[in-house]
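S.K.: After the structure tokens below, expect a handful of questions from me.
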Amino acid sequence: MERTGQCLCGQIKLTINDDNAELDVCHCKNCQLQSGSAYAPFLAVALDNLSVGGDPKSFADSDTVSGRTVRRYFCGDCGSPAYVVVERAPNTAYVFTGLLDQTSDLRPKVHGWTTTKHAWVEITEGGLQYDMDPGLSPR
Ligand SMILES: [Zn+2]
Ligand SMILES: [Zn+2]
């Protein structure tokens, strides 16, 4: 199925065509910092299956536990986080699901970095949980 999305101001438009996309939730501190939220829900999408309209800015986040750079894309006008690309999986975009129009079918498959999960967040739907890096495999 096709999923569409956009940032708060509409400058950035996203279109995803990936039936294998899965929802991964990241509780790491850096995702909390970028999103301003307790956690970041990401749809893992093959980069080839994501088309991006507009002109997102990006921040090279190199202050990571692994030492590998995480490229964080966002809207320079309204500040919405858009997606993330990690060095270990350079062909995958992790799209912030808050931007998407179609989300009713999504259920988390993986929760990562639960060591920094906010105490009030309860994981109730099952799925794999990792204390730290979920070992995102390159596609
Ligand atoms: Zn925007
Ligand atoms: Zn994270």
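S.K.: Report yes if some residue within segment 109-132 is away from ligand 1 (no atom under 16 Å from the Cβ), touching a helix residue (DSSP H, G or I) at 6+ places or on another chain (Cβ under 7 Å), among the hydrophobic types (A, V, I, L, M, F, W, C) and modelled with pLDDT of 95 or more; otherwise report no.
M.R.: Checked segment 109-132: no residue is away from ligand 1 (no atom under 16 Å from the Cβ), touching a helix residue (DSSP H, G or I) at 6+ places or on another chain (Cβ under 7 Å), among the hydrophobic types (A, V, I, L, M, F, W, C) and modelled with pLDDT of 95 or more.
S.K.: Can you name the condition, by its number, that Met1 falls short on among (1) surrounded by fewer than 18 Cβ atoms within 10 Å (Cβ to Cβ); (2) within 16 Å of ligand 2 (Cβ to nearest atom); (3) modelled with pLDDT under 95?
M.R.: Met1 satisfies every listed condition except (2).
S.K.: Give me the strands (runs of 3 or more DSSP E) completely within segment 25-99, filtered to those with at least 2 residues that are in contact with a Pro (Cβ under 7 Å, 6 or more places away or on another chain) and within 15 Å of Cys7 (Cβ to Cβ), ordered by residue number. Break it down stepwise before answering.
M.R.: Details: elements: 40-46, 50-53, 57-61, 70-74, 81-86, 92-96.
By residue number, 70-74.
S.K.: Output the residue which, of all residues in segment 35-45 that are crowded, with 18+ Cβ neighbours inside 10 Å and farther than 17 Å from Met132 by Cα, is nearest to ligand 1 (Cβ to nearest atom).
M.R.: Narrowing segment 35-45 to residues crowded, with 18+ Cβ neighbours inside 10 Å: 35, 39-45.
Those still in the list that are farther than 17 Å from Met132 by Cα too: 35, 43-45.
On the way: Ser35: 15, Leu43: 18, Ala44: 22, Val45: 19 Å.
If we take residues in segment 35-45 being crowded, with 18+ Cβ neighbours inside 10 Å and farther than 17 Å from Met132 by Cα, then Ser35 is nearest to ligand 1 (Cβ to nearest atom).
S.K.: Check Gly127 against each of (1) surrounded by 13 or more Cβ atoms within 10 Å (Cβ to Cβ); (2) under 22 Å from Thr64 (Cα atoms) and name the one condition it does not meet.
M.R.: (2)
S.K.: Take Arg72 and decide whether it is away from ligand 2 (no atom under 16 Å from the Cβ), within 15 Å of the chain's Cα centre (by Cα) and under 22 Å from Pro134 (Cβ atoms).
M.R.: Working: away from ligand 2 (no atom under 16 Å from the Cβ): no; within 15 Å of the chain's Cα centre (by Cα): yes; under 22 Å from Pro134 (Cβ atoms): yes.
Spelling it out, it is not the case that Arg72 is away from ligand 2 (no atom under 16 Å from the Cβ), within 15 Å of the chain's Cα centre (by Cα) and under 22 Å from Pro134 (Cβ atoms).
The values are calculated or read from the model by the stated rules, or taken from the named source; none is laboratory data. Remember, it's a predicted structure, so these values are computed and weren't measured experimentally. Reconstructed Cβ throughout: ideal geometry from the backbone, glycine too, with neighbour counts over all protein chains shown.
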